[in-house]
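Okay, structure first, notes after.
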Amino acid sequence: MPPPRPARAEEPVDVALVLAVDVSRSVDEDEARLQREGYRNAMTDPRLVEAIRGGMMGGVAICYVEWAGIEYQRLVLPWTRIGAQRDAEIWADRLAEAQRNSLSWTSISGAIDFARQALADCPFEATRKVIDVSGDGVNNSGPPAEEARDRAVAEGITINGLPILNDRPTFGRRPPIPLDIYFRESVIGGPGAFMIAAEDFDVFGQAVRRKLIREIAGLPREQRFG
């Protein structure tokens, strides 16, 4: 697969961050709502905004993507520069208004490749490029996740993970290995890569906030919540 085409940089940011969020059928309506609320609350948390403002550039670029099987990736919110509380609140309001879809299967590889292209198209000059993959299942559609991860890492991109360790099997089957171990071995990679596992969707928001603060600050550390 050829590398994504480069984009023209317009404004410097500390990090360009793709939030790649699982909307496969294993995520029901209530869980999907909890995911979105988790990102909205995290982005508007004054502690996160303080971390953003404390960076060298005083701003980050955020792009929100939802994904399911290999045939489905959707750009929900395009690249947005966030450098103040009001920016974060506008972004959160737009996410609340965006349509939600749910489709079958789980293609982490498709999500990573789509996020790579999104980063190539990012109009902001970024010191770091990060893909944040959250999901509650292993790759079961499309090429292996490891192949997509390795392509991204070869381009200097960091992939961090937020596995959601709910108790419901995917399509009636348990994953072959614990999901947090799978994310550690097959999904995350690149400079400073780390993972934070959420025990379920109820504590997802807490994990998101702490994870985003670490991504923006560039401080790797693995944690588990729940």
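Taking a ≥ b ≥ c as the square roots of the eigenvalues of the Cα gyration tensor of segment 180-221, is the shape rounded (a/c under 1.5), prolate (a/b larger than b/c) or oblate? Note, shape of segment 180-221 comes out oblate. For Thr44, the accessible surface of its heavy atoms amounts to roughly 40 Å² (probe 1.4 Å, protein chains only, rounded to the nearest 10). Working from Cα pairs under 8 Å separated by at least six residues, relative contact order for segment 32-100 is 36 percent. Rolling a 1.4 Å probe over the protein heavy atoms gives segment 27-181 an accessible area of 42 Å² per residue. Taking a ≥ b ≥ c as the square roots of the eigenvalues of the Cα gyration tensor, segment 1-137 is oblate, since a/c reaches 1.5 or more and a/b is not larger than b/c.
Between Gly58, Gly205, Gly135, the GNM of the chain built on Cα springs shorter than 10 angstrom shows Gly58 fluctuating the most. Could you tell me which of rounded, prolate or oblate describes segment 79-156, using a ≥ b ≥ c as the square roots of the eigenvalues of the alpha-carbon gyration tensor, with rounded for a/c under 1.5 and, failing that, prolate when a/b is larger than b/c and oblate otherwise? Here segment 79-156 falls in the oblate category.
Put a dot 7 Å past the Cα of Glu50, heading toward its Cβ, do the same for Arg100, and the two dots end up 3.1 nm apart. When shorter helices are ignored and each DSSP H run of at least 4 residues is given -39500 (n - 2.57), the per-residue value for the chain at 222 nm works out to -10500 deg cm²/dmol.
Label-to-label distance for Thr127 and Glu11 is 1.8 nm, based on points extended 7 Å past Cα in the beta-carbon direction. Of all beta bridges that DSSP places with both ends in the chain, some 25 percent have antiparallel geometry. Can you send over the carbon and sulfur percentage of the accessible area for the chain, probe radius 1.4 Å, protein chains only? The value for the chain is 50 percent carbon and sulfur by accessible area.
Placing dummy labels 7 Å off each Cα toward the beta-carbon, the span from Gln206 to Asp150 is 3.8 nm. Compare the Cα positions of Ala115, Asn166, Val208 along the charge dipole of segment 69-218 (+1 at Cβ of Lys, Arg; -1 at Cβ of Asp, Glu; about the Cα centre) and return the one farthest towards the positive end. Most positive-ward Cα: Val208.
Rounded to the nearest Hz, the phi-derived 3J(HN,Hα) couplings of segment 121-134 under the Karplus curve 6.51 cos²θ - 1.76 cosθ + 1.60 (θ = phi - 60°) are 8, 4, x, 9, 6, 10, 5, 10, 10, 9, 10, 10, 9, 10, where x marks glycine and proline.
Have a look at the DSSP beta bridges in segment 9-108 and tell me what percent are antiparallel, nearest 5. Looking only at bridges with both residues in segment 9-108, the antiparallel portion is about 45 percent.
The values are calculated or read from the model by the stated rules, or taken from the named source; none is laboratory data. Just so you know, these numbers come straight off a predicted model, no measurement behind them. For neighbour counting, all protein chains shown are included, and Cβ atoms are generated from backbone atoms with ideal geometry for every residue, glycine included. Ligands, DNA and RNA are stripped out before the accessible areas are found, and what is left, the full protein with its side chains, is counted by its heavy atoms. Shrake-Rupley method; radii C 1.70, N 1.55, O 1.52, S 1.80 Å.
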